[in-house]
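Data block below; observations after.
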Amino acid sequence: MQFLYMSLFAFGVAALDQFTKFLTVANIPLHGEQAFLPGFLGFTYLQNTGAAFSSFEGMQWLFALIFLGFTLAIFYEYFKKPMGFTTTERWCIAAIYGGGLGNMIDRLRLGYVVDMIETQFMRFPVFNVADCFITCGCILLIVHLAFFNKGFWKEDKK
């Protein structure tokens, strides 16, 4: 049952991401800007054919391969060989997966990822809702594994 809830959460993340991208494309012209919280946060519609910071630009096949590998690893871990993840860590993985799914939908459907959130208080690349879930999920997963699930790192000596 836990797998069902986490799957629904991941699909919800992807749906939220797609909805925000739909609103962006419908309301902001390409490279157009719209103020939200002046001096702090704004919206700028960009099309990203790469990964973070536009790295690996144009290598859609690589992103699809990584996403497929991540999907297979999740199914293997959950159904065949549990790795000792806690429920919190599984929710983090679901957030990461949902964000990856949102971006993969764009890559397959459009050939690029729609980015729209721009931080104005610091120089940082424009990103999207999926990127937020991926980043926050990764940070929380690492923190939880490092400080709260020390048993994950211990090797069984049987």
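The values are calculated or read from the model by the stated rules, or taken from the named source; none is laboratory data. Remember, it's a predicted structure, so these values are computed and weren't measured experimentally. All Cβ positions, even for glycine, are placed from backbone atoms using ideal geometry, and neighbour counts span all protein chains on display. For accessibility, only protein heavy atoms count, side chains too; no ligands or nucleic acids. Shrake-Rupley method; radii C 1.70, N 1.55, O 1.52, S 1.80 Å.
Only one residue of GLY102, GLY137, GLY69 has its Cα farthest out toward the positive end of the dipole of the chain, where Lys and Arg carry +1 and Asp and Glu -1 on Cβ, and that residue is GLY69. Relative to the first principal axis of the alpha-carbon coordinates of the chain, what is the inclination of helix 2-27, with its axis defined by its Cα atoms, in degrees from 0 to 90 and to the nearest 10? Between the helix axis and the principal axis of the chain, the angle is about 10 degrees.
What the phi angles of region 64-78 give under the Karplus curve with 6.51, -1.76 and 1.60, with θ = phi - 60°, is a coupling list of 5, 5, 4, 5, 4, x, 5, 4, 4, 5, 5, 5, 5, 5, 6 Hz, glycine and proline written as x. With the charge dipole of region 1-141 set up from +1 on Lys and Arg Cβ and -1 on Asp and Glu Cβ about the Cα centre, the Cα lying farthest toward the positive end among the listed residues HIS31, LEU41, PHE9 is that of PHE9. How would region 1-113 be classified by its alpha-carbon gyration tensor: rounded, prolate or oblate, with rounded meaning a/c under 1.5 and the a/b versus b/c comparison settling the rest? It comes out prolate by the Cα gyration axes.
How many percent of the accessible area of the chain is carbon or sulfur, using a 1.4 Å probe?
On the way: 7050 of 9960 Å².
Solvent-exposed carbon and sulfur of the chain make up 71 percent of the total.
For ARG107, the solvent-accessible surface with a 1.4 Å probe is about 30 Å², rounded to the nearest 10. Placing +1 on the Cβ of every Lys and Arg and -1 on the Cβ of every Asp and Glu, with nothing else charged, gives region 83-158 a dipole about its Cα centre of roughly 340 debye.
Given a Förster distance of 22 angstrom, what is the FRET efficiency for ALA26 paired with THR119, based on the Cβ-Cβ distance and rounded to 0.05? Could you put the intermediate results ahead of the total?
Details: r = 23 Å, r/R0 = 1.03.
Efficiency for this residue pair is about 0.45.
Note on the chain: with a GNM built from Cα contacts shorter than 10 Å, the maximum mean-square fluctuation among ALA95, ALA26, ALA73 falls on ALA26. For the chain, a simple Cβ point-charge model (Lys and Arg +1, Asp and Glu -1, everything else neutral) yields a dipole of about 620 debye relative to the Cα centre. Of the GluC sites (Glu not before Pro) found in region 55-158, those that fall in a DSSP loop while having at most 13 other beta-carbon atoms within 10 Å are GLU57, GLU155.
Note: relative contact order over region 1-147, using C-alpha pairs below 8 Å and six or more positions apart, is 34 percent. Shape verdict for region 72-145, please, from the Cα gyration tensor: rounded (a/c under 1.5), prolate (a/b greater than b/c) or oblate. Oblate is the answer for region 72-145, as a/c is 1.5 or above yet b/c matches or exceeds a/b. Rounded, prolate or oblate: pick one for region 46-112, where a ≥ b ≥ c are the square roots of the eigenvalues of its C-alpha gyration tensor, a/c under 1.5 means rounded, and failing that, prolate if a/b is larger than b/c, else oblate. Note, shape of region 46-112 comes out prolate.
Cross-link list LYS80/LYS154; LYS21/LYS81; LYS80/LYS150: which exceed 29 angstrom alpha carbon to alpha carbon?
On the way: LYS80/LYS154 20 Å; LYS21/LYS81 36 Å; LYS80/LYS150 22 Å.
From LYS80/LYS154; LYS21/LYS81; LYS80/LYS150, over 29 Å: LYS21/LYS81.
Estimated at the nearest 10 Å², the accessible area of VAL25 is 70 Å² with a 1.4 Å probe. Its relative contact order, with pairs defined as Cα atoms under 8 Å and 6+ residues apart, puts region 1-57 at 20 percent. Couplings 3J(HN,Hα) of region 38-50, computed from phi: x, x, 10, 8, x, 10, 9, 7, 10, 10, 10, 8, x Hz, in residue order, whole Hz [Karplus 6.51 cos²θ - 1.76 cosθ + 1.60, θ = phi - 60°; x for Gly and Pro]. For region 114-119, putting each phi into the Karplus relation 6.51 cos²θ - 1.76 cosθ + 1.60 with θ = phi - 60° gives couplings of 7, 10, 8, 8, 10, 7 Hz, in residue order, rounded to whole numbers and with x for Gly and Pro.
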